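Please read the structure below before turning to the comments.
Read the figures in this text as sums done on the coordinates, not as results from a lab. Please read all numbers here as calculations on a predicted model, not as lab measurements. Here the Cβ is made from the backbone with ideal geometry for all residues, glycine too, and neighbour counts use every protein chain on show.
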Amino acid sequence: MSKSSEQGSMKGLGAKYGSTVRKRYGRIMGNLKKTRRCPSCGSTRFRRTSAGIWACSTCQFKIAGEAYSI
Ligand SMILES: [Zn+2]
């Protein structure tokens with residue numbers, strides 16, 4: 001009903017986006033938070049550093065992937 005009822009994964013994203021985008025944003029954030037393994041050393045400390053760039057904090061392995069998924 002009200003905008004304040006949408007919390008959780010929607011946090012950090014203002015009301016300037018439409019509901020469709022916000023829905024997608026929540027799904028993407030869930031996708032980003034998933035644990036991924038570094039293809040180089042197998043460490044789980046492998047995460048997205050910026051849009052399209054994925055890096056491992058253990059072996060500094062860097063890879064160009066999709067903006068929200070690898
Ligand atoms: Zn690694």
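Would you mind computing, in nm to one decimal, how far apart the modelled labels at Thr44 and Ile28 are, each placed 7 Å from Cα along Cα→Cβ?
About 2.6 nm, to one decimal.
With θ set to phi - 60°, apply the Karplus curve 6.51 cos²θ - 1.76 cosθ + 1.60 along region 35-51 and write out the HN-Hα couplings as whole Hz, x wherever there is a Gly or Pro.
3J(HN,Hα) across region 35-51, in whole Hz: 6, 10, 9, 5, x, 8, 10, x, 5, 8, 8, 10, 8, 6, 8, 8, 4.
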